Amino acid sequence: MKTPIVSFLKSYQEKSPVRMHMPGHKGAGILGFEGMDLTEISGADELFAAEGIIKESEQNASNLFGCPTYYSTQGSTLCIQTMCTILCQDAKSKGKKPKILAGRNAHRSFIHAAALLDFDIEWLYGDSDYLSCKISPETLENEIVENHPTAVYLTNPDYLGNLLDMSALAFVCKKHNVLLAIDNAHGAYLRFLEDSLHPIDLGADLCCDSAHKTLPVLTGGAYLHLSDSLNQVWKNDVKHFMEFFSSTSPSYLIMASLDAANDVLDHTFRNSLSECIKSVDLLKNTLVQHGYTILSGEPMKITIATKEFGYTGNEIADFLMNCDIYPEFYDTDYIVLMPSPYNTKDDFERLEKCLCGIERKSILVNKPPKLEQSKKAMNIRQALFAPSMKVDVSKSLGQVCSSVTVSCPPAILPVIPGEVISESSIEVMKYYGIETVRVVKE
Ligand SMILES: Cc1ncc(COP(=O)(O)O)c(C=O)c1O
């Protein structure tokens, strides 16, 4: 497959050009790769008005994903902002006020998009704990009938690797003529499984993938995908919407990495992925034999419910980090490992040796508190932009949440801005070690 962005950057570098343009390092910086870092000069195309090499590269990505695909150099965050804009504009074009029915485990980028675009959200709790929101098609259908949303927004896979019954959920949305948007930040690779589990292939109308999370792409590289039918309606506006939230200086290093990844995805990735899944399965079996409880879900995540093994996730993470193995995420209940085809055999051996070197202890029984629905005092935009102050969580009862600083990962808010902080939300925040919360000043 041709990689037009990479080719352009390489040939530009080879010319030893006089760079009378940005960036300031002039291609000769201290890191060594600055030569490939460019700006939108003549011939280099423009991300938000693509007519040349970027258009060609995005077309290659569209062919690989089997649906219209747009690049982001600002992660899934930018794609989520754009998806929400499309959902709002689509509702307005049908004479409706946007109202999004969203899984309660939404990433904070969705909350920020709601504040910027000022749309209404009805939260779907499903069978929810803090990190997951297991929504069945029946629950979704009941909620759609009760709330009359203009769109549904779900996170799939979630942070623990759970997968929803996407085809059935998409069927319900289609039946009720409601758009289905998916935060697939963790699932770009799902398209390249033997049988694709990518949301667009399973019936979603639009989704974002953080290419950088599971594909060989630099941090910040992401895709926005639309179904063919939705793209027919919005293709002339997608980039225009993306621009609202974007830097006018998209990173060519990131675009070149998305471009180069197309060639890998076209040639070697499927094979490497299926080999890697075999290694992950073998490791999971060994860990289960050693006594670990592994959550089922997407094939490339190893999520251990560590308390069943007698430790908190933080304790197991300490064991790993003492062996210079760094997990994606851990909290008191879980540890999440995210391998990829670019981990070596030696990486898997070291991981197995370390985890199997830990002795099983008796089960820890304390469980996370259930995330309960809180009373809404104002909408997200009002709360986030209101004058606010930080208070100790223990002194926040009855106040209106303005924002919660949560670590990234998982970047899921235990209390939504605008909600009244209840005993139960305080319990959840304390359980996860959150000590302060921003509240709206009276
Ligand atoms: C579920 C989920 N959605 C969205 C995002 C935002 O993705 P990005 O960092 O690519 O902007 C993340 C990031 O961790 C995430 O975990």
- Note on the structure: Counting only strands (runs of 3 or more DSSP E) entirely within segment 336-442, those with at least 2 residues that are of a type in the set (Val, Ile, Thr) are 436-440
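Select from segment 76-98 the residues that are small (Gly, Ala, Ser) and within 16 Å of LEU206 (Cβ to Cβ) and write down the one among them that is farthest from the ligand (Cβ to nearest atom). First the steps, then the outcome.
Initial filter on segment 76-98 (small (Gly, Ala, Ser)): 76, 91, 93, 95.
Keeping just the survivors that are within 16 Å of LEU206 (Cβ to Cβ) gives 76, 91, 93.
Working: SER76: 3, ALA91: 22, SER93: 26 Å.
Within segment 76-98, the match that is farthest from the ligand (Cβ to nearest atom) is SER93.
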- Checked segment 175-224 for anything more than 15 Å from the ligand (Cβ to nearest atom) and crowded, with 24+ Cβ neighbours inside 10 Å; matches are LEU180, ARG191, ILE200, ASP205
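Among the residues of segment 185-200, write down those that are assigned to a loop (DSSP other than H, G, I, E, B), within 12 Å of HIS225 (Cα to Cα) and in contact with a Phe, Trp or Tyr (Cβ under 9 Å, 6 or more places away or on another chain).
Restricting attention to segment 185-200, the residues satisfying the condition of being assigned to a loop (DSSP other than H, G, I, E, B) are 185-187, 193-200.
Narrowing further to those that are within 12 Å of HIS225 (Cα to Cα): 185, 198-200.
HIS198, ILE200, listed by residue number.
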- Item | Inter-residue pairs, beta-carbon under 9 Å, first over 30 Å from TYR431 (Cα atoms) and in segment 332-347, second open to solvent by 40 Å² or more (accessible area, probe 1.4 Å) and part of a loop (DSSP other than H, G, I, E, B), 6+ apart | SER340/PRO216; PRO341/PRO216; PRO341/THR268; TYR342/PRO216
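For segment 104-120, how many residues meet the condition of being touching a strand residue (DSSP E or B) at 6+ places or on another chain (Cβ under 8 Å) and within 16 Å of the ligand (Cβ to nearest atom)?
Going through segment 104-120 one residue at a time, the tally reaches 7.
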- Identity of the residue in segment 387-411, touching a Pro at 6+ places or on another chain (Cβ under 9 Å) and not hydroxyl-bearing (Ser, Thr, Tyr), that ends up farthest from the ligand (Cβ to nearest atom): VAL400
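Using the structure shown, decide if LEU101 is more than 16 Å from the ligand (Cβ to nearest atom) and touching a Cys at 6+ places or on another chain (Cβ under 6 Å). Walk me through it before giving the result.
Values: more than 16 Å from the ligand (Cβ to nearest atom): yes; touching a Cys at 6+ places or on another chain (Cβ under 6 Å): no.
Here the answer is no, as LEU101 does not meet what is asked.
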- Subset of segment 151-174, residues away from the ligand (no atom under 11 Å from the Cβ) and among the polar types (S, T, N, Q), comes to ASN162, SER167
- Message: Return the residues of segment 320-340 that are open to solvent by 30 Å² or more (accessible area, probe 1.4 Å), over 30 Å from LEU193 (Cβ atoms) and not hydrophobic (A, V, I, L, M, F, W, C); say none if nothing qualifies.
- Response: ASN322, ASP324
- Return a yes/no flag: does segment 143-150 have any residue that is within 30 Å of SER251 (Cβ to Cβ), away from the ligand (no atom under 16 Å from the Cβ), crowded, with 24+ Cβ neighbours inside 10 Å and over 15 Å from the mean Cα position of the chain (by Cα). no
- Among the candidates GLY32, GLY95, GLY66, single out the residue that is more than 30 Å from ALA383 (Cα to Cα) and without any contact (Cβ under 8 Å) to a residue 12 or more places away in the chain. GLY32
- Message: List the residue pairs whose Cβ atoms are under 8 Å apart, where the first residue sits in segment 139-167 and is free of Cβ contacts under 8 Å to residues at least 24 places away in the same chain, the second is surrounded by fewer than 20 Cβ atoms within 10 Å (Cβ to Cβ), and the two are 6 or more positions apart or on different chains.
- Response: THR139/GLY126
- Subset of segment 126-139, residues part of a loop (DSSP other than H, G, I, E, B) and open to solvent by 30 Å² or more (accessible area, probe 1.4 Å), comes to GLY126, ASP129, SER136
- Yes or no: THR293 in contact with a strand residue (DSSP E or B) (Cβ under 6 Å, 6 or more places away or on another chain), on the phi < 0 side of the Ramachandran plot and surrounded by fewer than 17 Cβ atoms within 10 Å (Cβ to Cβ)? yes
- Message: Testing THR268 on (1) of a type in the set (Val, Ile, Thr); (2) surrounded by fewer than 20 Cβ atoms within 10 Å (Cβ to Cβ); (3) over 20 Å from MET1 (Cα atoms), one condition comes back false. Which one is that?
- Response: (3)
- Query: Within the set of pairs 6 or more residues apart or between chains, which connect a residue that is within 23 Å of VAL145 (Cα to Cα) and in contact (Cβ under 8 Å) with a residue 40 or more places away in the chain inside segment 101-113 to a residue that is open to solvent by 10 Å² or more (accessible area, probe 1.4 Å) and among the aromatic types (Phe, Trp, Tyr) with Cβ atoms less than 6 Å apart?
  - Reply: ARG104/TRP123; ARG104/TYR125
- Residues of segment 341-361 being buried (at least 17 other Cβ atoms within 10 Å of the Cβ) and either more than 17 Å from GLU308 (Cα to Cα) or not hydrophobic (A, V, I, L, M, F, W, C) (or both), in sequence order, are PRO341, PHE348, LEU351, CYS354
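The values are calculated or read from the model by the stated rules, or taken from the named source; none is laboratory data. In this text, all values refer to a predicted model and were calculated from it rather than measured experimentally. Glycine gets a Cβ as well: all are built from the backbone with ideal geometry, and neighbour counts include every protein chain shown. Heavy atoms of the whole protein, side chains included, go into the accessibility calculation; ligands, DNA and RNA do not. Shrake-Rupley method; radii C 1.70, N 1.55, O 1.52, S 1.80 Å.
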